[in-house]
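Student: One structure is given below, represented as structure tokens, and several questions about it will come after.
The values are calculated or read from the model by the stated rules, or taken from the named source; none is laboratory data. This one's a predicted model, so the numbers in the text were calculated from it and none came from an experiment. All Cβ positions, glycine included, derive from the backbone under ideal geometry; neighbour counts span all protein chains shown. Only protein heavy atoms, including side chains, enter the accessible area calculation; ligands, DNA and RNA are left aside. Shrake-Rupley method; radii C 1.70, N 1.55, O 1.52, S 1.80 Å.
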Protein chains: 4
Amino acid sequence: MATQVIVLNGGSSSGKTGIVRCLQAVLPEPWLAFAIDTFVDSMPASLRDSLVSSDGGVNIGPEFTRLEAAWREGVAATVRAGARVVIDDVFLGGAESQERWRKPLVGLDVLWVGVRCEAAVAAGREIARGDRVRGMAEQQAELVHRGVEYDVEVDTAHTESLDCARTIAAAVLSGSR
Amino acid sequence: MATQVIVLNGGSSSGKTGIVRCLQAVLPEPWLAFAIDTFVDSMPASLRDSLVSSDGGVNIGPEFTRLEAAWREGVAATVRAGARVVIDDVFLGGAESQERWRKPLVGLDVLWVGVRCEAAVAAGREIARGDRVRGMAEQQAELVHRGVEYDVEVDTAHTESLDCARTIAAAVLSGSR
Amino acid sequence: MATQVIVLNGGSSSGKTGIVRCLQAVLPEPWLAFAIDTFVDSMPASLRDSLVSSDGGVNIGPEFTRLEAAWREGVAATVRAGARVVIDDVFLGGAESQERWRKPLVGLDVLWVGVRCEAAVAAGREIARGDRVRGMAEQQAELVHRGVEYDVEVDTAHTESLDCARTIAAAVLSGSR
Amino acid sequence: MATQVIVLNGGSSSGKTGIVRCLQAVLPEPWLAFAIDTFVDSMPASLRDSLVSSDGGVNIGPEFTRLEAAWREGVAATVRAGARVVIDDVFLGGAESQERWRKPLVGLDVLWVGVRCEAAVAAGREIARGDRVRGMAEQQAELVHRGVEYDVEVDTAHTESLDCARTIAAAVLSGSR
């Protein structure tokens, strides 16, 4: 069975978005990219602005949780309607976050990808990109992988985005899971 | 029955996005914003770059049509899962485009909103915003409204975005359709 | 003598940037656009982030003032080296801010343009654009024009950006001051 | 004598902007960042849009050359007025481009920095960032360094931006040239 969904999980500034763009370039079929950051941008400014505190911590309230669950259903329905989708998420709840995706994606062929980047490197890249609250990268680097199960893992501290994408694409195309 | 989806239709540079942000600010409940532009940004660069020609014309191919249909199913599923959603679209096919939304949204309480802006004004705003191919605004200003049925119409050439949003919000809150 | 510099002054969300883009489109010769916002973006993140408080107030410290003076010298030197330049600024100090530009621009042919927009309209556009701290537009709408002398004034609450630009361009091309 | 200007030269997608942000974070004094990309953004859309061809080649016309020279004078004047400045440029003309900077910067204490990144790596990062015409990175990777003399060289293919910035900052602070 062919992979229908690729879920990338990694901390802030771990390089997920760059890998997604490379994946879209190297995979032979067109894949849509859905990101938790785009979901956050779709929220009212009042909800969005209270999300990240000044030390880089993320505060998830019940309204966010409710809307995020609806968003996941929507992404899953997009796949069921025939689109290949790459999801770029940050599993702040580790294994529990993965579980929240498993339900809407049940029955679909999913490739789970861990995007690792050691905390110090991600923190440096957070400074270099200049558009993120400082501290998110370091706080999330290990946290998001706790208890999560992957089909493929890549390490952006030592591998370029394009090479990470090629590794993932090979797993997609082999389809052996 | 309470409005669950607001669909805004208008040509490029007619001011839809500004109205959406104002709607999110004035409506008492949180609404998610989904835009055709965000969908286009989720596509691979190769598909996206071939979409708008240098004169501002838009070239929809079969792959785009197929993925867009899947996206519409996903937006509808997000609503069915309990999120209120504002959709910001450009009905290049007029009434036919509206029909393509009616199917996935069937059974939901939808408010259809026409965002009008006379061609000359929209063309001027296209120059002022500076991030769109010249010609799109003028080509789309009338075209997108052909045969489309609305619950509310607003005119951004003569009304500020916030006032347009208040008109739409009043219709949402009255819920009388 | 031909106009060498156009200085646009107006509050946040009064529509200066849109007018600048239209001016660049309608003026027959190429004009460079320099904006106080671009200058702010050129500062270190630590200085930049402390600039606007959560109520939309702007806090100018001595380091900012010193660097801004150097920036003005640089813009003036660009003009003296032969480039036509449109400056997009916010005169938080009113007449005093104008005086600070007069010194580096002395001997050059300057067109001073007031970009007016009533506070309530600018505040609505601030919500519509969604990328500014709420409150800046209202606080600055009147303040920035106090005691400032203009060659041309435009009102974006009642005139489209492109028409404002045409009015300014006519003054540039007539050159009669 | 203390360094007053840092000039970073490197090809497209070599990582200059990230290094500049890190430099601004690690240097104890505030430094302003001026980039050739920001200069290009200050030009009228008509000039800007014709600059990069579809294969990633860059077409410099006489108007661009004239305005760029005026911009360099402006940057130099900003430094002479007391601001520390980091310049982020692409020496398409190699040694000749460096010479064009030497004239306006004469008498100032300049640190020349080469930002190297092997062509294949830069080309991969060009795909990952997704906002550049494909081909620029590869065409410029070697070209921009031809005959250029540096005080410091960094290699972003093997060193993180923050570490590159620390190397450059050490040279700035030692001031020994």
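Student: Looking at the structure I just gave you, is A:Asp55 surrounded by fewer than 16 Cβ atoms within 10 Å (Cβ to Cβ), under 30 Å from A:Ile127 (Cβ atoms) and modelled with pLDDT of 95 or more?
Tutor: no
Student: Another question, then. Could you list, in sequence order, the residues of segment C:55-102 that are away from chain D (no Cβ under 11 Å) and on the phi > 0 side of the Ramachandran plot?
Tutor: Residues satisfying the conditions are C:Gly56, C:Gly94.
Student: For the subset of segment A:142-177 comprising residues that are among the small types (Gly, Ala, Ser) and at pLDDT 95 or above, which member is farthest from A:Val7 (Cα to Cα)?
Tutor: A:Ala157
Student: Okay, moving on. Please determine, by comparing only the residues of segment C:27-51 that are among the hydroxyl-bearing types (Ser, Thr, Tyr) and at the interface with chain D (Cβ under 7 Å from one of its Cβ atoms), which one is most open to solvent (accessible area, probe 1.4 Å).
Tutor: Across segment C:27-51, the extreme among qualifying residues is C:Thr38.
Student: Could you list, ordered by first residue, the pairs with Cβ atoms under 7 Å in which the first is in segment B:60-79 and within 20 Å of B:Gln4 (Cα to Cα) and open to solvent by less than 30 Å² (accessible area, probe 1.4 Å) and the second is of a type in the set (D, E, K, R) and modelled with pLDDT of 95 or more, at least 6 apart or interchain?
Tutor: These pairs meet every condition: B:Arg72/B:Arg100; B:Ala77/A:Glu73; B:Thr78/A:Glu73.
Student: In segment A:33-49, is there at least one residue being under 21 Å from A:Val20 (Cα atoms) and touching an Asp or Glu at 6+ places or on another chain (Cβ under 6 Å)?
Tutor: Yes, that holds for at least one residue.
Student: Is it the case that A:Val106 is under 23 Å from A:Gln4 (Cα atoms) and modelled with pLDDT of 95 or more?
Tutor: Details: under 23 Å from A:Gln4 (Cα atoms): yes; modelled with pLDDT of 95 or more: yes.
Against the criterion (under 23 Å from A:Gln4 (Cα atoms) and modelled with pLDDT of 95 or more), A:Val106 qualifies.
Student: Restricting to segment D:71-82, name every residue that is in a helix (DSSP H, G or I) and more than 17 Å from D:Gly93 (Cβ to Cβ). It would help to see each step written out before you state the result.
Tutor: Initial filter on segment D:71-82 (in a helix (DSSP H, G or I)): D:71-80.
Listed by number, the residues that qualify are D:Glu73, D:Gly74, D:Val75, D:Ala76, D:Ala77, D:Thr78, D:Val79, D:Arg80.
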